[in-house]
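Comments concern the structure below.
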Amino acid sequence: MTTVEFSFDDFFNELLKRHRGLEAIVITDANGIICIKAVAQHVTELPNIKQMTATMTLATEQAAKLRMGNSKSILLCYNSHNVLQYSDAPLMVTLVGDNKDGTGNSGMLYTIMGLMQSSQIMDELKAKIQHETDMDDTFLA
């Protein structure tokens, strides 16, 4: 039996190919540093992910004041795009989908979120980022 190894980029680019309307997957660490960015070939410009991540952090903090528990994700709906952001500690994941036909792709974005959360690739990426973060903390101590 042979095993095929996929890189992180391969995994995310395959998700882009399989889900029509998915335009980008951007994964940052807790500091907003981009770890992975996969963008569909036809996309020429992405929203400012760093600002969106900071906005999500603020929105999540404010939503916690509603006493409904911690929010798991935030969905931003615009005329031309839907953006789903969620925390998968130590990572922040941003999924950008088109909304060209006005119907939105929020269901698709949540489906992709579920696929990503249950994938071994994400577990490996989280472990790698956590290891690098721990090494940085050791270096700074």
Helical contribution to [θ] at 222 nm, DSSP H n ≥ 4, -39,500 (n - 2.57), averaged over the chain, rounded to 500 = -14000 deg cm²/dmol
Entries of Lys50/Lys100; Lys17/Lys72; Lys65/Lys128; Lys17/Lys126; Lys50/Lys72 with Cα pairs more than 21 Å apart = Lys50/Lys100; Lys17/Lys72; Lys65/Lys128; Lys17/Lys126
task = Treat segment 1-63 as a sphere of radius equal to its Kirkwood radius over Cα pairs and apply Stokes-Einstein at 10 °C in a medium of 1.306 mPa s; give the translational diffusion coefficient in µm²/s, rounded to a whole number.
result = 117
inquiry  = Quick check: with the 1.4 Å probe, what order do Arg18, Arg67 take by accessible area, largest first?
reply    = Arg67, Arg18
inquiry  = Give me the one-decimal nm value for the distance between modelled label points at Gln117 and Ala30, 7 Å along each residue's Cα-to-Cβ direction.
reply    = 2.0
remark   = Membrane-span-like helices (DSSP H runs, Cα span along own axis at least 20 Å, mean Kyte-Doolittle at least -0.5) in the chain -> 49-64
query = Taking only C-alpha pairs under 8 Å that are 6+ residues apart, what is the relative contact order of the chain in percent?
reply = 22
inquiry  = How are the alpha carbon pair distances in the chain distributed across 10 Å bins from zero to the largest one, expressed in percent?
reply    = 11, 40, 34, 13, 3, 0
query = Gain in length, His131 to Cys77, computed as 0.36 nm per residue apart minus the alpha-carbon separation, to one decimal in nm?
reply = 16.0 nm
message = Using a 1.4 Å probe on the protein heavy atoms only, what accessible surface does Glu14 show? Give it in Å² to the nearest 10.
response = 80
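The values are calculated or read from the model by the stated rules, or taken from the named source; none is laboratory data. Here the structure is a predicted model, which means the values were calculated and not measured. In this analysis, Cβ positions are derived from the backbone assuming ideal geometry, glycine residues included, and neighbour counts consider all displayed protein chains. Please note that ligands, DNA and RNA were not included when accessible areas were found on the heavy atoms of the full protein model with its side chains. Shrake-Rupley method; radii C 1.70, N 1.55, O 1.52, S 1.80 Å.
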